[in-house]
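Note sheet for the following structure.
The values are calculated or read from the model by the stated rules, or taken from the named source; none is laboratory data. Keep in mind that this is a model prediction, so the values were computed, not measured. Note that we place each Cβ from the backbone using ideal geometry, even for glycine, and neighbour counts take in every protein chain shown.
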Amino acid sequence: MAIESIEDFLVGLPAVDDDHRMLVSMINRIGAEIEEASYELCVDLFDDFEEAAIAHFRREEEILERLGYPEIERHRNYHADLVRRVRELKSLGYEKVSKDALFHRFVDMADFVVDDIFRGDLEFKDFLHR
């Protein structure tokens, strides 16, 4: 279930676009490791993903705030929900639940990240190019 490419969904801010590429790459790696039932590695990868996502969200929110994006609070809440989901997913890795349960939660998180990049961030792309 790898995400092939996000190049058609770039927002035009190099730092944000590079972060999106990195996050998608991390999601793809986590998905592959879940398939192998590498729980310990998955927990480490979730830690890395959480750290990278939080850094990305801060950077993105600072840029949007500086540019006066009117929906910044909604976007911050969106990001906070993703961080909560990543933490829930990490806890499943610690519990060593079934591969299916872990994969199901992972798919939820991956869908949310894709939704953030493809929908949430494309909303502010329109704002950037006015």
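Within the range 91-130, the set of residues being modelled with pLDDT of 70 or more and touching a Cys at 6+ places or on another chain (Cβ under 9 Å) comprises 102, 106. Considering (1) in contact with a Lys or Arg (Cβ under 9 Å, 6 or more places away or on another chain); (2) surrounded by 15 or more Cβ atoms within 10 Å (Cβ to Cβ); (3) closer than 26 Å to residue 9 by Cα; (4) at pLDDT below 75, say which one residue 43 fails and leave the rest. For residue 43, the failing item is (3). Applying the criterion of being surrounded by 13 or more Cβ atoms within 10 Å (Cβ to Cβ), within 20 Å of residue 23 (Cα to Cα) and not basic (Lys, Arg) to the residues of the range 64-82, the residue that is farthest from the chain's Cα centre (by Cα) is 64. The set of residues in the range 12-47 being assigned to a loop (DSSP other than H, G, I, E, B) and touching a residue at least 40 places away in the same chain (Cβ under 8 Å) consists of 12, 13, 37.
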